[in-house]
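Take a look at the structure set out below.
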Amino acid sequence: MIERGRSLYSRIILVIGAIFGAGTIALGAAAWFYARIAADDAYDRLLVGAAFQIAESIYAQEGIVSVDPPVSAFETLSLSSSDRIFYKVLDPSGSVLTGYEDLASVQPPVAAEEPMISDGVYKGFPVRIAVVGRHIFDPTASGWANVIVAQTREARTSLARDLTVKALLLVLAMTGLAFIGVLFAIRRALEPLARIERELQSRDPKDLNPLDLETPREIQALVSTINRFMDRLAGRIALMQRFIADAAHQIRTPLAGLASQVDLLSQEVRPERREQQLERVRERTSELGRLTNQLLSHAMVIHRAEVANFEPVELVALARQTLMSAVPLALDRDVDISFEEPPDPVFIFGDAVSIREALSNLIHNALKHGADTRLEVRVLADQDAAVIEVIDDGPGIPASEWQRVREPFHTKSSTGSGLGLAIAGDVVRAHGGEFRFRERSDDGFAVILRFKRVHGPAEPPRADETS
Amino acid sequence: MTSLALALLPLSRNQLSSLIPSHFRRRTGSTSPRNALAHRAEKWTRFSAPNDAPLEEESIGWIPKVESTFGSDALALRVAAILLAAGVTITTAEAAETTRFPAMQHENVILSVHAATDQAAMEPLIRDFQALSPNVTVEYTEYLTNELFIQATAVCEGKQESMDLVLSSSVDHLVKLVNDGCAARYRSPTTLRMPSWTRWRDEVFGFTFEPAVIVFNKDLVPPEDVRRTRAELIDLLRSKPETYQGKIGTYDVSQSGIGYLFASYDARGTTVFGRLLEALGRAQVVTSCCTTDLLSDLSAGRLAIGYNLIGSYAIGAVRRGAPLRVVIPRDYTVVLSRAAFVPRMAREAATGFRFLDYLLSARGQQKSREASFYFSADLAVPEEVDGPMWLSSSGLLRPIAIGPELLAVQDRAKRERLLAEWRRSTSSGANSP
């Protein structure tokens with residue numbers, strides 16, 4: 001059961017949406033910040049202008065400082081039509097000439113023409129305050145007179161809001177466009193996945209050919225993994241089909257023979273002939289048993305080649321034990337059985353169960369078809385190879401047959417299934433080793449299993465000697 | 001004497017108790033007792049007890065227009081004598097007079113309107129409003145402009161009981177109050193349709209259109225002496241000093257808010273203002289606190305020329321039969337839009353806004369034009385007026401825009417300067433032969 005995760009599409013959109021959202025908020029905040037500065041800048045000019053106009057109207061006469069705030073100053077301020085205006089004029093001694101007495105006073109009085117602008121609160125309204133100084137030249141009342149003009153922030157705020165809203169609209173429009181673009185891009189990017197899905201869906205269930213699609217680099221690994229998987233599946237299915245066909249054929253023949261033997265037995269009346277017939281039935285039955293065992297063992301080997309975990313295997317002990325258990329207690333002839341081993345343990349990386357099965361099949365084969373007087377199992381090792389040789393002094397297999405006998409059910413003998421060599425071959429192939437024959441010589445005929453040896457501290461051998 | 005006794009007869013004790021002290025107090029600051037009496041006598045005021053059981057419609061007494069031929073002392077003594085006889089304790093009531101217009105149906109709301117506007121002018125509007133909102137009782141308190149300003153400032157600072165609507169012809173006062181954050185904001189389809197010069201901040205709204213006019217007494221000023229610009233008026237005063245000596249009147253700018261407002265608009269950028277002041281001074285101008293006083297003096301022939309009077313009141317006097325000629329100055333015309341706002345602390349703000357909306361509505365404007373203020377920005381000037389047919393398109397208009405520019409008018413230093421100039425001119429003129 002596939003766990004149903006959130007769709008790739010929605011995940012990407014979520015992330016992109018979050019980024020765009022955060023970006024929009026950040027841009028909005030920045031826009032508000034700059035819009036406020038811009039609005040303050042614009043309206044500060046009016047404020048300072050009005051303050052200067054009032055300051056211009058301050059004059060001294062006979063030691064008395066007076067002021068006559070011009071209407072134009074108020075008209076200038078009323079350009080921001082809805083804002084409240086507060087002001088105050090201080091003479092050089094600091095006393096209020098006109099205006100709101102309690103309006104924020106400056107400490108110390110501004111002694112420069114340069115306007116001073118600040119934020120403040122008056123009568124509970126947030127205001128922008130401008131202070132300008134004007135130097136009074138008079139023998140008795142010389143000094144700096146100050147004009148303080150404050151204006152509420154409504155026009156500024158509404159201008160800033162206006163600017164921000166417009167900037168935000170632009171940002172939103174851009175973000176919207178980008179988002180739509182991203183949506184299309186993601187759809188396009190995920191298109192190959194949909195193509196693979198369509199391709200797989202529309203396929204015949206029996207079609208296990210590799211996918212032949214043009215795919216972007218990012219999902220080539222996925223496609224090739226799918227292809228490898230299908231390849232293995234196809235291989236296994238082919239193997240199983242062949243095995244089932246072969247096994248059916250192999251079992252049918254001896255069963256038919258057995259049936260006819262039993263028929264004969266039931267019609268036979270002579271006791272000595274009966275005994276003879278019965279012996280034949282017993283032989284056929286045991287042959288059938290052996291065949292079945294071999295078929296199962298072959299199936300097991302094939303299966304294990306696919307699924308077994310490879311572990312370090314000590315080859316010498318494994319070979320010795322297999323030899324001991326494979327040689328029957330009673331043989332119909334005298335056979336000299338020997339085991340030859342190297343001084344050190346030899347490790348390979350593999351599946352002990354299938355190697356044992358392969359070796360025991362070889363030993364059985366040798367005893368049954370080969371060895372006249374001698375059977376020898378040798379374990380050899382060189383720098384990077386571990387080798388098991390099974391040698392007998394029988395007639396051997398002619399070189400012309402070597403290729404054929406590696407396939408299952410090759411034999412023509414009436415008692416053998418011809419599976420033993422095929423099993424060994426399969427096992428060695430699954431281990432990435434070599435399965436070879438050596439022509440009959442003085443030494444005898446040899447079947448050679450060659451594995452890749454592992455040694456050294458990097459791969460500490462863990463012997464599997466118990467099983 | 002008889003007429004006064006008759007006039008006072010329908011008044012109850014409580015009504016008198018509220019009338020008398022206020023009457024005295026209002027006069028104490030007045031420079032001219034004669035004017036004060038004239039004002040009292042001229043005014044058409046209905047008195048009622050603010051806190052007593054509301055008077056029945058029929059029992060409301062009216063003081064008819066009294067030909068004021070006796071001095072104020074005589075009246076005061078007379079009234080005091082009546083009061084003493086009635087055993088009235090004189091309470092220190094507030095300076096203004098409150099009139100109650102009871103709801104036409106079951107009373108739900110009491111709307112307290114505080115105004116510096118003739119009650120006679122406002123009454124038709126209040127009645128018409130009550131026809132639309134029959135459950136509203138209106139308590140109308142009338143002040144002089146400067147008093148209203150002081151009271152409204154106190155209300156704004158939370159020192160006094162709330163008002164629901166503040167209404168004044170001294171729009172500079174209202175703008176100052178609004179600037180100081182005393183008003184509540186109001187927007188309605190009606191207010192949004194208003195021209196921009198008659199509203200500010202959606203808080204204060206001008207609902208009338210009243211030109212400042214020159215009024216001539218037809219009996220005393222022959223048609224050939226009627227002047228239509230300020231320069232011509234100055235020439236007239238120069239050429240016929242003996243005829244018009246002491247016969248020209250205008251507001252006392254130190255007492256009348258509207259007079260100061262008009263004067264400051266005259267002073268704004270017109271070179272003629274200095275010469276006008278000088279001419280007025282030389283002609284020994286008579287100053288008064290109130291339009292009604294000036295109009296009654298003009299009607300009675302004590303004055304021949306009135307300068308800078310509120311046009312609507314002048315038309316009102318003409319329609320009541322006064323022999324007056326109302327001239328709209330042709331050099332420029334200052335136009336006032338009487339304004340109102342609802343204070344932030346108003347208890348019945350919603351009703352206040354409703355009344356405001358009524359004043360600004362088509363119906364209220366029409367009523368105002370027919371019964372109270374006669375002029376309109378969109379229509380022809382009343383036929384009694386000597387002036388251009390269409391004021392708004394005449395190019396003479398100098399509207400007093402309701403906005404922060406009026407703060408300049410309210411500036412203390414500016415005010416002192418104008419008042420000083422005013423006093424210098426008028427007193428020097430008075431001294432000169």
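Points to keep in mind about this one:
- Single residue of A:Ile12, A:Ile25 found to be under 24 Å from the mean Cα position of the chain (by Cα) and assigned to a helix (DSSP H, G or I): A:Ile12
- Meets criteria (under 22 Å from the mean Cα position of the chain (by Cα), closer than 30 Å to B:Ile248 by Cβ and away from every other protein chain (no Cβ under 14 Å)) for B:Phe149: yes
- Which numbered condition B:Gly249 fails, given (1) in contact with a Gly (Cβ under 8 Å, 6 or more places away or on another chain); (2) closer than 23 Å to B:Met122 by Cα: (2)
- So A:Ala399, is it among the small types (Gly, Ala, Ser) and more than 14 Å from A:Leu449 (Cβ to Cβ): yes
- Of residues in region B:270-293 being of a type in the set (S, T, N, Q) and assigned to a helix (DSSP H, G or I), the one surrounded by the fewest Cβ atoms within 10 Å (Cβ to Cβ): B:Thr292
- Pairs, first within 14 Å of chain B (Cβ to nearest Cβ) in region A:116-132, second of a type in the set (Ser, Thr, Tyr), C-beta under 6 Å, six or more apart: A:Phe125/A:Thr152; A:Val127/A:Thr152
- If you go through region B:330-356 and keep only what is among the polar types (S, T, N, Q) and not in a helix (DSSP H, G or I), you end up with B:Thr333, B:Ser337.
- A:Thr225, sole failed condition from (1) out of contact with any helix residue (DSSP H, G or I) (no Cβ under 9 Å at 6 or more places or on another chain); (2) at pLDDT 85 or above; (3) within 30 Å of A:Glu407 (Cβ to Cβ): (3)
- B:Ile402 satisfies every condition listed in (1) among the hydrophobic types (A, V, I, L, M, F, W, C); (2) at pLDDT below 90; (3) under 23 Å from B:Tyr332 (Cα atoms) except (2).
- Of everything in region B:239-269 that is part of a loop (DSSP other than H, G, I, E, B) and in contact with a Phe, Trp or Tyr (Cβ under 8 Å, 6 or more places away or on another chain), the residue that is modelled with the lowest pLDDT is B:Ser254.
- Which listed residue, of A:Ala160, A:Ala178, A:Ala194, A:Ala189, is exposed (fewer than 13 other Cβ atoms within 10 Å of the Cβ) and assigned to a helix (DSSP H, G or I): A:Ala194
- Screening B:Gln105 on (1) crowded, with 19+ Cβ neighbours inside 10 Å; (2) polar (S, T, N, Q); (3) within 15 Å of B:Thr351 (Cβ to Cβ) shows it passes everything except condition (1).
- Any hit, region A:53-70, residues being more than 27 Å from A:Asp138 (Cα to Cα) and within 14 Å of chain B (Cβ to nearest Cβ): no
- If you go through region B:143-176 and keep only what is among the basic types (Lys, Arg) and either crowded, with 19+ Cβ neighbours inside 10 Å or touching a residue at least 24 places away in the same chain (Cβ under 8 Å) (or both), you end up with just B:Lys176.
- Sole exception among (1) surrounded by fewer than 14 Cβ atoms within 10 Å (Cβ to Cβ); (2) modelled with pLDDT under 85; (3) more than 29 Å from A:Ala299 (Cα to Cα); (4) under 27 Å from the mean Cα position of the chain (by Cα) for A:Val269, by number: (4)
- Within region B:169-197, if we keep just the residues that are over 18 Å from the mean Cα position of the chain (by Cα) and of a type in the set (S, T, N, Q), the residue that is farthest from the other protein chains (Cβ to nearest Cβ) turns out to be B:Thr190.
- Where B:Tyr140 falls short, out of the listed (1) touching a residue at least 60 places away in the same chain (Cβ under 8 Å); (2) away from every other protein chain (no Cβ under 14 Å); (3) within 26 Å of B:Val335 (Cβ to Cβ): (1)
- Inside region B:184-209, residues that are closer than 14 Å to B:Val335 by Cβ and surrounded by 24 or more Cβ atoms within 10 Å (Cβ to Cβ) make up a count of 4.
- Residue in region B:289-296 that is under 17 Å from the mean Cα position of the chain (by Cα), over 30 Å from B:Thr153 (Cα atoms) and polar (S, T, N, Q) present: yes
- Matching residues, region B:165-179, being over 18 Å from B:Met345 (Cβ atoms) and part of a helix (DSSP H, G or I): B:Val171, B:Asp172, B:Val175
- Meets criteria (more than 20 Å from B:Val215 (Cα to Cα), within 14 Å of another protein chain (Cβ to nearest Cβ) and among the small types (Gly, Ala, Ser)) for B:Ala401: yes
- Of the residues B:Ser376, B:Ser392, the single one that is surrounded by fewer than 22 Cβ atoms within 10 Å (Cβ to Cβ), touching a residue at least 60 places away in the same chain (Cβ under 8 Å), among the polar types (S, T, N, Q) and within 20 Å of B:Pro329 (Cβ to Cβ) is B:Ser376.
- For region B:313-329, a residue qualifies if it is outside any strand (DSSP E or B) and basic (Lys, Arg), and the qualifying residues are B:Arg319, B:Arg320.
- Cβ separations smaller than 8 Å between residues 6+ apart or across chains give the following pairs from region A:85-97 residues that are more than 11 Å from chain B (Cβ to nearest Cβ) and on the phi > 0 side of the Ramachandran plot to residues that are outside any strand (DSSP E or B) and not charged (D, E, K, R): A:Gly94/A:Pro109.
- Comparison of A:Leu77, A:Leu47 shows that the only residue that is touching a residue at least 40 places away in the same chain (Cβ under 8 Å), within 10 Å of chain B (Cβ to nearest Cβ) and more than 13 Å from A:Gly133 (Cα to Cα) is A:Leu77.
- Some residue of region B:338-356 being under 25 Å from B:Ala231 (Cα atoms), at pLDDT 90 or above, more than 14 Å from chain A (Cβ to nearest Cβ) and touching a strand residue (DSSP E or B) at 6+ places or on another chain (Cβ under 8 Å): no
- Filter result (at the interface with chain A (Cβ under 7 Å from one of its Cβ atoms), more than 23 Å from B:Glu203 (Cβ to Cβ) and in contact (Cβ under 8 Å) with a residue 24 or more places away in the chain) within region B:404-420: B:Lys414
- Strands (runs of 3 or more DSSP E) wholly inside region A:58-134 containing at least 1 residues that are crowded, with 16+ Cβ neighbours inside 10 Å and of a type in the set (D, E, K, R): A:85-90
The values are calculated or read from the model by the stated rules, or taken from the named source; none is laboratory data. Keep in mind that this is a model prediction, so the values were computed, not measured. Heads up, the Cβs are rebuilt from the backbone with ideal geometry, glycines too, and the neighbour counts pull from every protein chain shown.
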